[in-house]
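For reference, the structure discussed in these notes is given below.
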Amino acid sequence: MDAKGFRKFQQIVLLWVFGVFIPMSHATGQELTCENSRTVMPVALTLSGGVSLGAYQAGSLYYSSLILRENPKLFQTRLMTGSSAGALNALLALLSVCGSEDLRPSQSAFYKMWVGFKAKELLPVNGESGALLSPKAFEGIASELEAKWKAGISSTCDVVLGFSVTRVEPFKDMSSIGFSRRGEKVTLRVRGQGPGRPPRLTNYVNPALFPKPMLVDLEAGNDAQNFQTLKQVLFASSAFPVAFQPAELRTCVAGQTERWSHLDLPFQCPKEELASAAFADGGIFDNKPLAFAEKISRMGLTDDSCGRLTWREVPGSGGESQVGNRLLYFYSDLSAVTYVRDESKREMTESRAFSVLPSIFDGLFGPARNQDSALLLEQAPALESQIAAPKNSVPRMGDSLLGFYGFFERDFRSFDFYLGLWEAREYFTTSLRKNLRRGVVAVGEEMRFPEFEGASEDAKKLSCLDEILGTPAASHGRGACAGTSDRSFVLLARLASARLHAKRTDFSFMTEWLARERYEYRDLGLSGDEAWRAPARIKTEAIKAVSHLAKSQSMADAFILRTAGPLALNVIEPLPIENDFAVTLGPQATVETSTLLDDQGAVRTRMRLGLGVENLSAWFGPDGGRAVLTPFADVEWEPRDLVSSYVQARFQLGGGYKFAESAGDGLCQTERFAPLRCRGAVVRTGLSFTLFERLRLQVAFEAMPFQKDRQLPWQLLPGLGLQFYF
């Protein structure tokens with residue numbers, strides 16, 4: 001064969017290869033893709049709420065998101081449901097799983113959302129009213145998330161988001177019978193359109209089903225408005241009552257009209273049916289949206305031609321399916337702990353009736369918030385085998401004060417973030433890796449795990465947790481904590497270990513331990529020497545928020561709020577008063593103020609300054625008279641055993657000087673104590689009781705030991721008045 005013939009032969013071979021082998025390879029590749037798709041586990045993230053514990057959940061989700069993104073042959077994220085803090089974290093998880101960023105933990109949106117603001121930024125500013133806290137602290141990260149949203153996500157990302165919200169005013173037209181509802185579900189479908197294009201966001205509902213679903217105001221092609229609507233839904237779901245102001249949403253509810261039965265996709269609210277309403281925290285009625293996730297999967301997921309789980313265009317349009325039993329639920333329940341909780345014991349001086357109130361409210365309120373998920377597991381116990389649920393095994397800083405403690409100090413939230421990350425890493429690399437199966441085949445060993453640069457501050461903090469909280473085998477050796485420059489983090493890790501070993505998770509154990517270690521509360525403005533003041537300072541900041549809210553109320557409502565607010569805080573945890581002011585009336589009217597001097601040990605110490613005024617009736621009477629003034633200074637002792645959520649007792653000892661007429665020879669001129677005829681130094685002692693930190697009852701004993709009378713001049717001075725804060 002000559003050269004020309006050989007070249008012709010080559011061309012024939014190449015044509016044959018490209019014409020036959022490549023199409024065959026393409027077909028084979030398609031088959032392999034379908035084969036691979038059958039082995040991928042569809043995943044649902046189900047996220048509970050927990051106020052400031054959202055920081056812990058964010059750390060856990062940061063690591064979980066990396067696992068889901070780095071293992072596309074094992075996992076395919078299809079569904080995310082959340083309530084309260086879990087709703088905010090669901091959006092962060094979506095952008096992380098479907099995005100391409102590989103940021104360090106401290107630079108991630110998860111960290112910035114929960115740790116990127118100081119405590120004072122949560123306090124309302126002038127012009128804001130209607131809640132104790134302001135959502136403006138989250139505005140910065142919200143703008144960053146909007147930029148990420150506009151930058152686009154992977155075109156392979158097709159995820160349904162489900163959020164729980166609560167109507168402030170119930171929806172009363174639910175049925176012709178007259179039923180109403182407060183708890184609502186917002187179900188949205190997010191489809192990525194690739195880089196540079198915002199995801200497509202639509203309502204994911206079936207208007208023909210009962211109960212009639214609620215839709216939010218989304219408009220095809222209006223990406224800016226749609227993201228703002230999504231942001232408002234998230235703020236509404238996380239608007240804990242009283243703490244945050246409800247969010248306004250423009251919504252509609254599907255009806256029985258002919259128009260609704262002929263709507264085109266994507267389903268949108270008819271303009272004339274849109275109405276604005278206020279919505280609050282979705283965790284009030286559904287704090288563990290596992291049942292919500294199961295319902296969405298049952299109504300919406302179906303198999304495509306390759307056997308992959310995909311979303312129907314209209315949920316429930318083909319009836320209910322059982323494909324949801326292939327879902328793997330990553331279930332983040334912030335109330336699931338494995339360590340022993342130390343429920344703070346109520347003081348013996350507190351009446352039994354009052355002491356059980358918190359338990360009763362928790363017993364009534366808690367199960368109602370979680371009943372849907374509990375009933376689901378009762379009806380479908382096999383579902384439990386589909387749940388991957390990492391549990392919290394180390395006490396978190398944000399647990400106290402009903403989950404609000406973390407909001408008072410940024411370092412607390414930072415520690416909880418890294419603790420959540422650390423515990424998620426332990427769960428994935430040990431428990432899930434060991435037990436993860438696809439049918440009967442163990443596939444956990446196939447997982448790829450993210451690695452953190454050993455020299456980074458993030459890696460050093462994780463190594464520090466290994467050293468303090470991990471097993472000896474997991475520890476990287478002694479001295480790992482010395483590598484981090486964050487002394488606060490190391491102290492909090494040591495505190496977590498101390499709480500774990502002492503089986504003490506109560507608030508007082510934490511604050512006393514931190515005071516001994518001279519912990520610096522940077523957000524509260526307390527140096528290490530002032531660490532003992534932290535409980536009182538927290539109460540001061542909380543009262544400031546209550547007072548700000550009271551300013552926007554009527555006089556009667558403001559008084560009730562200023563009284564009930566501190567009382568509610570005391571029911572949660574009886575914190576000391578930093579500064580107070582009291583006015584009492586009696587034989588001697590007094591105006592007095594006290595400040596906390598020491599809060600360490602069994603007895604709190606305070607300094608009290610005041611002014612007593614006697615002979616008021618004559619002074620204001622028609623004949624006139626002279627008032628007797630007695631400025632005084634006392635030291636007060638407040639035994640912790642006599643302090644409860646409702647009653648506070650104090651003992652006083654001090655002295656003053658009585659300004660009255662002088663008899664010249666230093667005598668009081670009477671066998672009885674005659675204030676008008678006595679001038680000189682006074683020794684005082686007394687006892688006071690304050691009910692609900694507002695109504696003050698006190699009795700003082702005054703004596704004038706330096707008079708020349710044969711009998712020691714003295715008098716007993718009962719009083720009744722009101723106590724205030726400042």
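For residue 53, the accessible area of its heavy atoms, probed at 1.4 Å with every protein chain present, is near 10 square angstrom.
Among 320, 636, the order of accessible area from largest down is 320, 636, computed with a 1.4 Å probe on protein heavy atoms. Each residue was assigned an accessible area with a 1.4 Å probe, and for residue 577 the value is about 10 Å². For the stretch 114-173, the Stokes-Einstein estimate of translational diffusion at 20 °C and a viscosity of 1.002 mPa s comes to 140 µm²/s, using the Kirkwood hydrodynamic radius over alpha-carbon pairs. Apply the a/c threshold of 1.5 to the C-alpha gyration tensor of the stretch 398-533 and tell me whether it is rounded, prolate or oblate. Because a/c hits 1.5 or more and a/b exceeds b/c, the stretch 398-533 counts as prolate.
Across the protein chains, with a 1.4 Å probe defining accessible surface, the residues 452, 701 rank 701, 452 from largest area downward.
Taking 501, 548, 262 and ordering them by how much accessible surface each has at a 1.4 Å probe, largest first, produces 501, 262, 548.
Looking at the P(r) of the stretch 191-254, how many percent of alpha-carbon pairs lie beyond 19 Å? So the pairs more than 19 Å apart make up 44 percent of the total in the stretch 191-254. Local charge for residue 259 was computed over the other residues whose Cβ lies under 13 Å away, with Lys and Arg +1 and Asp and Glu -1, and equals -3.
Scanning residues 5 or more positions from residue 263 or on other chains, none has an amide H under 5 Å from its amide H, with H placed 1.01 Å from N in the peptide plane. Amide H contacts of residue 204: 187, 188, 189, each under 5 Å away and 5 or more positions distant or on a separate chain (H built 1.01 Å from N in the peptide plane; Pro and chain starts excluded). Amide H contacts of residue 43 (H built 1.01 Å from N, in plane; Pro and chain starts excluded): 76, 77, 78, 79, 328 sit under 5 Å, all sequence-distant by 5 or more or on other chains. Overall dimensions of the stretch 539-607, expressed as equivalent-ellipsoid semi-axes from the Cα gyration tensor (√(5λ), whole Å, largest first), are 23, 19, 10.
Legend: distances between Cα atoms for 539/658; 231/271; 150/172; pairs beyond 28 Å are 539/658; 150/172.
Computed from phi, the 3J(HN,Hα) profile of the stretch 303-316 under the Karplus parametrisation 6.51, -1.76, 1.60 (θ = phi - 60°) reads 8, 8, 5, 9, x, 7, 7, 9, 8, 5, 5, 10, x, x Hz, with x in place of Gly and Pro.
Bridging of residue 460 to lysines at a Cα separation below 28 Å is possible for 112, 118, 391, 434, 503, once same-chain residues fewer than 8 apart are set aside.
One equal scatterer on each Cα of the stretch 34-126, no solvent, Debye formula: the resulting log10 I(q)/I(0) at q = 0.11, 0.12, 0.14, 0.19 Å⁻¹ is -0.36, -0.42, -0.54, -0.88.
Rolled with a 1.4 Å probe across the full set of protein chains, the surface gives residue 341 an accessible area near 100 Å². Computed over the stretch 378-451, the alpha-carbon pair-distance distribution with 10 angstrom bins reads 16, 34, 27, 19, 3, each value a whole percent.
The values are calculated or read from the model by the stated rules, or taken from the named source; none is laboratory data. Everything numeric here is computed off the predicted structure, so don't read it as measured data. Methodologically, a virtual Cβ is constructed for each residue, glycine included, from the backbone with ideal geometry; neighbour enumeration extends over all protein chains shown. Side chains included, ligands, DNA and RNA excluded: accessible areas come from the protein's heavy atoms. Shrake-Rupley method; radii C 1.70, N 1.55, O 1.52, S 1.80 Å.
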